[in-house]
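Take a look at the structure set out below.
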Amino acid sequence: MPHRIQAMHEGLAMLLGATSALVASIISFLAEVPVEAFSGPAILDNERLRVVCLIGAIGGAILNLGIYPSHLPGIRPLVWKFTASVMCGVVFTPMVVHWTGVTANFDTLAFTSFIMAISGVGIVVKLIPAIQRFIFSKLGISTADPEIGPQGVPPPAATPVNPPGGPAKPD
């Protein structure tokens, strides 16, 4: 492993270790602090509301496959996209309902999970490179680093050993 990549991995390990220790200490401190409970409905705790979210998310995932077809061949990319859409629909729906303050009934939950399944994967796909660029900028790593390679640029074509027409003949 090249020295720069090894140093980057060691730096990331140190960062993750320090972050884990910080999170653990904050959690142990916050366990003693009294807080008010979430005032809205606990959507994923209620079986009926959870099923409504799942129904809306499955519908949104099916429409997502139709609207934005996968450009990769085979069934595996479709299954991953469908699964990711359903997960985004179910996981993001309670947050969106809480933030918007809408009443959690069948109509609003089905619609919200439907929209989250369609848009959730696109949002996550756009956020991952942005988070990666942010972390790289904080670590001082350029995304155009020759060992890492520029983002989205294919490697240059290989130079042929024997050019067309055969090797050059001595004069």
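None of the figures in this text is laboratory data; all of them are computed from the coordinates on show. The structure presented is a predicted model; accordingly, all values stated were derived computationally and were not measured. As a convention, Cβ positions derive from the backbone with ideal geometry for all residues, glycine included, and neighbour counts pool all protein chains shown.
The alpha carbons of segment 1-139 give a radius of gyration and a Dmax of 19.6, 56 Å, in that order.
Extension gain for Tyr68 to Leu44 (0.36 nm times residue separation, less C-alpha to C-alpha distance): 5.8 nm. Charged side chains reduced to their Cβ positions (Lys and Arg at +1, Asp and Glu at -1) give segment 1-139 a dipole of some 620 debye around its Cα centre.
Fully extending the segment from Gln6 to Met95, taken as 0.36 nm per residue of separation minus the present Cα-Cα distance, adds 28.2 nm. If R0 is taken as 30 Å, the Cβ-Cβ distance between Phe106 and Ala130 corresponds to a FRET efficiency of 0.30.
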